[in-house]
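Data block below; observations after.
Derivation of every value follows stated rules applied to the coordinates shown; laboratory data play no part. The model shown is predicted, which means the values in this text are computed figures rather than measured ones. FYI the Cβ positions are ideal-geometry reconstructions off the backbone, even for glycines, and counts take in every protein chain you see.
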Amino acid sequence: GVRVHQDWTDRSPGFKFNEWEMKGVPLRVEVGPRDVENGNIVLARRDTSEKSFLPKDEVVAQIPKLLEEIQTGLFQQALKFQQENTHKVSTYDELKKIIKEGGFVRCGWDGTDETEAKVKAETKATIRCIPTGENPQGLTCVYSGKPAKHEVIYAKAY
């Protein structure tokens, strides 16, 4: 289903538009007097900043499709960003370089809290996840040089 909220506050349209965009609403529906007169609504997409007109009779059929399109587009954009910015490394110097540049690092970790704490203290990066399907076999921990118990993703949290 689709969840809808009507903003009946007395604030200006610009204030309302900004407020809902900041809240992360993916699709804003605008209905003004001219739109009612013409039998249309205005759709404002957060992902592309595009505005389009939709006949009111098509709202129920089209909005779920549009939301699915927005979701798919945002997911693909995030996946591309993740793939382009994740770097597999085998040395601690490589890890430090990538972290300093703002990327994600995929590497071996020996599984100890001590190693994780030292990497965090020196780079401000923490383990963000242990990827599904990880295969630490043959990997060594980039910090300690010990056999890796996990393959992990390090990154800074912002």
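Assorted remarks:
- Cα long-axis angle, helix 113-123 against the chain (0 to 90 degrees, to the nearest 10): 70
- Nearest-ten-degree value, helix 59-85 long axis tilted from longest Cα axis of the chain: 20
- For Phe104, the residues whose modelled amide H falls within less than 5 Å of its own, excluding neighbours fewer than 5 places apart on the same chain, are Thr86, His87.
- The order of the peptides 74-80, 99-105 by mean Cβ neighbours within 10 Å, most packed first, is 99-105, 74-80.
- Positive-end residue of Ala78, Leu43, Val89, charge dipole of the chain with Cβ unit charges: Val89
- When only alpha carbons are used to place a centre, region 108-144 and region 33-73 end up 46 Å from one another.
- Point-charge dipole on Cβ atoms (K/R +1, D/E -1) for the chain, about Cα centre, debye to 20: 380
- Dipole of the chain [Lys/Arg +1, Asp/Glu -1 at C-beta], most positive-end residue of Val2, Val29, Val152: Val152
- Estimated dipole of region 21-77 in Debye, rounded to 20 [Cβ of Lys and Arg +1, of Asp and Glu -1, Cα centre]: 160
- For region 89-156, the Cβ-based charge dipole about the Cα centre amounts to some 220 debye (Lys, Arg positive; Asp, Glu negative; other atoms uncharged).
- Asp10 versus Glu30: modelled label distance in nm, points set 7 Å from Cα along the beta carbon direction: 2.3
- Crossing angle, helix 92-101 versus the chain [Cα axis fit, 0-90 degrees, rounded to tens]: 20
- Spin-label model, Ser49/Asp93: points 7 Å from Cα along the beta carbon direction are separated by 4.3 nm.
- If R0 is 25 Å, the Cβ-Cβ spacing of Lys124 and Lys149 corresponds to a FRET efficiency of close to 0.65.
- Calculated over the chain: convex hull of Cα atoms, volume per residue (Å³): 160
- Simple spin-label estimate for Lys80 and Glu68 gives 2.2 nm between the two label positions (7 Å along the Cα-to-Cβ direction from each Cα).
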